[in-house]
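In what follows, a structure is listed as structure tokens, so that the remarks can point back to it.
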Amino acid sequence: MSQAAAVALLAVLALGCSKKEESGTSADSIGVNACDEYVKKWEACFKDPKARAIAEPGFKELREGWKTLAGQGDIAKQQLEKTCKAQIEALANNPACK
């Protein structure tokens, strides 16, 4: 599958799930504690509408990728835990979060 087709498929899936997202953050859960924590911190960090508009497309793509990886089993979840912890540390140093 080409990258464009994969992105289109993710967009269609995201549209189909929009009602779940409206009901709360549990629908957005990645299923890995550190990743879910990163999502909460990212959302709290990017309050400025301009900065959020710039960062959000990449954030959404990252979050969907993490969800996909988390569905691939325990080894993938263990790796994601490490990755997301590192992302939390990097987010703390992001100028938009200060």
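FYI, it's all coordinate maths here, none of it is from the lab. Values in this document were obtained by computation on a predicted structure and should not be read as measured data. Cβ: placed from backbone, ideal geometry, glycine included. Neighbour counts: every protein chain shown.
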(request) Order these peptides, 87-95, 64-72, by their mean beta-carbon neighbour count within 10 angstrom, highest first. (result) 64-72, 87-95
(request) Calculate, in nm to one decimal, what Asp48 and Ser29 gain on full extension: separation in residues at 0.36 nm each, minus their alpha carbon distance. (result) 4.5 nm
(request) List the residues of segment 64-98 whose backbone N lies under 14 Å from a point placed 7 Å from the Cα of Glu37 along the Cα-to-Cβ direction. (result) 80-92
(request) Let me see the pair-distance distribution of segment 28-98: every alpha carbon pair, 5 Å bin width, integer percents in order. (result) 3, 17, 28, 25, 16, 8, 3, 0
(request) For Gln72 and Cys97, compute 0.36 nm times the residue count separating them, minus their Cα-Cα distance, and round to one decimal in nm. (result) 5.9 nm
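Using alpha-carbon pairs under 8 Å, 6+ residues apart, how would you state the relative contact order of segment 25-97 in percent?
49
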